[in-house]
Structure formats: structure tokens, C-alpha cells
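No value in this document is a laboratory result; all are computed from the given coordinates. It should be emphasised that the depicted structure is a prediction, and the values quoted were computed from it without experimental measurement. Positions of Cβ are backbone-derived with ideal geometry, glycine not excepted, and every protein chain shown enters the neighbour counts.
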Amino acid sequence: MGSPFRLGIRITKRLLSFGSAVDAMHERDTLDIGEHFLLSHVGVLPTLQGKGLAGGMLKEILVDVDKAGLPIYLYTGNDRNEEMYKKYGFVTCSQVFLGDGDLKLVMRGMLRPAKVAK
């Protein structure tokens, strides 16, 4: 995120409030499901995107999730990522609109139900 001194206090406060809004969305979306995994902060360098790296990593994670027999939740602010996650069984359950102007962002909460490992 960068130093609060470089970003400025106003922008730093707004970014921190985004985290609170995303946490509240996560809590609402998972209120009735009990124990679950949370997939957080997955990223691939722009020069390496589109090569299946995120999907390959996600497949490995889902093997362990399925062995545990638990659902998994994530949030994303990227339309392209939302479509990729849907291919792996995630369903968009909610969205929250954050910020405005240069800091406008739509975060989506996504859930993949528990599956039995094969």
C-alpha cells in the first residue's frame, strides 16, 4: 500500500476504511456457513499473467480445501479474476462499492461450497 506519509493521511484513511468494508462483507457472506477457508491476496506479476499461474496455484489450494471438506471464501476487485474463480466453482454472493474518483472500486465476495475430495 505504501507509506502513509507518501499517500497522505486522507487517502490512507480511505484505504483503511476499504478494509473494514471488505471485512464486513466477508462476515455477512459467511455468517451461516461456519468454519471455512479464506483465500486472500493472490497476485501474479503483469508480465506473467495469462499463463495459467493463478489457476495452477488455485488448483493446488483447492485440493487441500476439498480434503478438509470445507467451503472457501475470497474477495476480488478484478472482473477478469471473478470470471476465472467462477470456473473453479466460486459463486459471487455480494459486492460492495468502495471509494469514488480515482479510488473507485467494486469488491465482490465469492464462495465455493464444500466439496468432497475425490
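General remarks:
- Taking the charge dipole of the stretch 4-112 about its Cα centre, with +1 at Lys and Arg Cβ atoms and -1 at Asp and Glu Cβ atoms, the residue from 18, 101, 61 reaching farthest to the positive side is 101.
- Cross-link reach list, lysines versus residue 115, counting only Cα pairs under 22 Å and skipping chain neighbours closer than eight places: 59, 67, 86, 87
- Euclidean distance between Cα centres, the stretch 29-44 to the stretch 59-94, Å: 8
- Radius 14 Å from Cβ of residue 49, net charge of other residues (Lys, Arg +1; Asp, Glu -1): 0
- Over all other residues within a Cβ to Cβ distance under 11 Å of residue 111, the charged ones net out to 0, with Lys and Arg as +1 and Asp and Glu as -1.
- For residue 72, distant residues with modelled amide H under 5 Å away: 37, 112
- Relative contact order of the stretch 19-118, defined on C-alpha pairs under 8 angstrom at six or more residues apart (%): 33
- Global geometry of the stretch 4-112, whether rounded, prolate or oblate, following the gyration tensor of its Cα atoms and the 1.5 cut on a/c: oblate
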